[in-house]
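See structure below.
The values are calculated or read from the model by the stated rules, or taken from the named source; none is laboratory data. Keep in mind that what you see is a predicted model, and the values were worked out from it rather than measured. Neighbour counts run over all protein chains shown; Cβ positions are idealised from the backbone, glycine included. Quick note on the areas: whole protein, heavy atoms, side chains included, nothing else; ligands and nucleic acids left out. Shrake-Rupley method; radii C 1.70, N 1.55, O 1.52, S 1.80 Å.
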Amino acid sequence: MAGRHPSMPKKAWMEEEDKVNASPAQQPDELTEVQVLQAGWDQTEQEQQQQQDRDQKEEQKAIAVKLDERVVGRVVLSKHAPNILKSIYQWLVSNTEESAQHRLDKSLLELAEEHPHDVVVTLLRCSPSCDRAAATMWRLMTSSARTARKVMAELCCVLKDWPLHRTSTSDGDDTDVFVLAATKVLREILQPTIYPVEVEAHFPLLLLVLLFQISASAQQTPEEVETLCREWQQEESIPTSPSRFAVLTLKALLCRLGYDMLVLELEKKNAWETLVNAESHHWAVGQLARVMRRIARKERQRIVLRLEKWLSRNEPCWEVPAMAFLVEMLASDDLRVEPVRVLKLFPRYLRSQCMVMRQLVLRGLTTLSKRPYTARKMEFLLPQIVELLPEVEGDVAGNALVVLNRVLKELDVHMASPIALQLAERLPTFFDNESSYTQLLSIHFFRDVMNFVAGSGKEQLKRHVRQSVIPLFFHLHDENQQVAKAAEEALLNAANFLKRKQLANLLETQQKWRLSECLLEDDSWRTDGYLRQSLPYLQSPQQPLRLEAVRFIGEPEPRGPSVPEGRRAGGPAGRATGGGSRAAGKGWRAGFVTDCVCLGLIARQVEDWHEEELPIIYEAIQGMTDDISSSVSSLATQTLFIIRAAVSLPRTAPGVRGLSYRLWKAWKTKRSALSFLCCCCRA
């Protein structure tokens, strides 16, 4: 206490005393020399790091100042633009601070405005994945009205190519640019916070290039593009498929322009999923175009003009989707497009080897031909469409027939006559088409063709009309009532055109059961082609047509009513619904002589058949004995028997009497044979 200073408190003095008197074990450890040196080294390293940061910042500021001096307010040579752009990009990569991101905005904007091509292509090469620094530069260039229009135009030029954009910059660099890199940039600038107004000005072009990119990438994707997509997948969650990534970008474009409801409607129709399928891509493009018909007319006209421009060039990879979109756009009633300019695109594509392309062209012509003014302008396309008829089938052929019919109706008779003669020769081939739509159109069109021929062409037309009579006759029994009605009308027109009054009278009075007799008994008509035209109907999928074909070739059983007294044996025989009984007072021989004329082609041509024709006829009828229809098989069995019996008898008596005698012998033999067959069937 004696050594305590008066001003020191007692408690503090006692603590100090305890420290002095403490044992060595309780003394705090003294700092070693190594610890002192370590502390000094850490302080020196920290100061050095801070100094390096300060030096680096000063250096970056100096670089930025030099870049500004080279660009701002000066004329930059084009060959220097790519290097300056690379320096700006590297400067942004090394400066991650928020405050430094806009340090070179003015230089970048002036450089992009003066050299947009070099800036866009070089930046895509520097950063194909559109990293942070590149995204900052793209956002800046598209947010300014001065540069956005030029930058978007250059991006569209890159987007039009697939998979690589082959170009060179002013410094001589000709490295290819990934088109998918431009798509990723477009996806970046379509963000709601940075969406540029200039996108609306380039909307038709952006819409189409994305559609075409989906089409091309769905068909084939190079390995290097797939590698780029896999790298993106590791960085962020985006689809690895280029086509699906392009679909997402297209949906973002439509949404930014206010077409959200269209996007949802296509989603419900599963159109987006169909769009990435190469086989159904053109169908999905057409579905998208049908939905896009609801947008403003001004936008649709811009799209059509862009499609016309592209289709006038030779760009095979874009042809099918472009034509699919154009065909649907042409269906808009309020669209103001010069038809002649559009029609000039079609001749080249009608000669295309792609069936889908020809189908699309014919659909487009079908739409345009609805307007009489446009139909008259299609005259120069008629020869190509007629030449195309043998190569198309189904509904494609139906569209071709619709176009031809509408155009011929708008032309003068003398101008339409040459085309009508060609059609009269080719239309009967479509009477048996698998498509009922095409079948019905061809029969109706054939009826109208007779009115399109004038002058000396009518004599040539008669030959084609005669060849169409047998197919029309068979289709009177078609299961499709519309086809049967159309065949009846066409056959009536043919009878009037050929001046066959008896045939026309039978059709008008609905005596169809006598038509075959009328066709076979008219000596002014050659029957040598009837067999050739009848045999294919033995294989028809329709049972009524097969049954009528067997009857027409050779009917072994009489179907007519009693023959009036005094009628000659060679005259036409009537038919009855009963189909079997003979009138009282008629002898068996006289009745059979009358029926010999009703035995179809057997009675008409059995003496004229050559040896090479007999196996064909025999085999054709024999194949019908196993028909699924019992009526057809039974009739074929009887016909086969009478053919075999008739041709085996000696040909001594000439003319109808001799033929009648031989058929009478065959008929008597047939009656006993048929009785035996009936007993077997009953057993």
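Surface analysis of segment 393-499 yields an accessible area of 42 Å² per residue, using protein heavy atoms and a 1.4 Å probe. Backbone geometry of segment 392-406 corresponds, through the Karplus equation with coefficients 6.51, -1.76 and 1.60 at θ = phi - 60°, to 3J(HN,Hα) couplings of 10, 8, x, 5, 5, 5, x, 5, 4, 5, 5, 4, 4, 5, 5 Hz, x marking Gly and Pro.
Given the pairs K268/K377; K269/K377; K106/K251; K269/K409; K344/K370; K458/K501, which span a C-alpha to C-alpha distance of over 28 angstrom in this model? Write down the numbers at each step before the final one.
Working: K268/K377 40 Å; K269/K377 37 Å; K106/K251 33 Å; K269/K409 39 Å; K344/K370 18 Å; K458/K501 18 Å.
Long pairs (Cα-Cα over 28 Å): K268/K377; K269/K377; K106/K251; K269/K409.
Rounded to two decimals, the Cα-based Rg/Rh of segment 442-534, with Kirkwood Rh, is 0.94. Hull volume per residue, based on the alpha-carbon atoms of segment 136-271 and their convex hull, is 122 Å³. Which distance in Å, rounded to a whole number, links the C-alpha centroids of segment 463-518 and segment 319-351? Here the answer is 40 Å between Cα centres. Note on N83 and Q543: the model spin-label points, each 7 Å out from Cα along the C-beta direction, lie 9.0 nm apart.
Where does segment 354-474 land on the Kirkwood hydrodynamic radius, alpha-carbon pairs, in angstrom?
Working: mean 1/r = 0.0692 Å⁻¹.
Answer for segment 354-474: a Kirkwood hydrodynamic radius of 14.5 Å.
The apolar share of the surface of segment 87-217, taken as the fraction of accessible area on carbon and sulfur atoms (1.4 Å probe, ligands and nucleic acids excluded), comes to 49 percent.
The loop-placed trypsin sites (Lys or Arg not before Pro) in segment 128-205, going by DSSP, that have at most 13 neighbouring Cβ atoms within 10 Å of their Cβ come out as R166.
Expressed as a whole percentage, what fraction of the accessible surface of segment 433-548 belongs to carbon and sulfur atoms when a 1.4 Å probe is rolled over the protein heavy atoms?
Values: 2440 of 5300 Å².
Accessible surface attributable to carbon and sulfur in segment 433-548 totals 46 percent.
Entry comment: accessible area of segment 189-264 is 43 Å² per residue, from protein heavy atoms only and a probe of 1.4 Å.
For segment 303-347, report the accessible area per residue in Å² (1.4 Å probe, heavy atoms, rounded to an integer).
Numbers: 1880 Å² over 45 residues.
Heavy-atom accessible area per residue stands at 42 Å².
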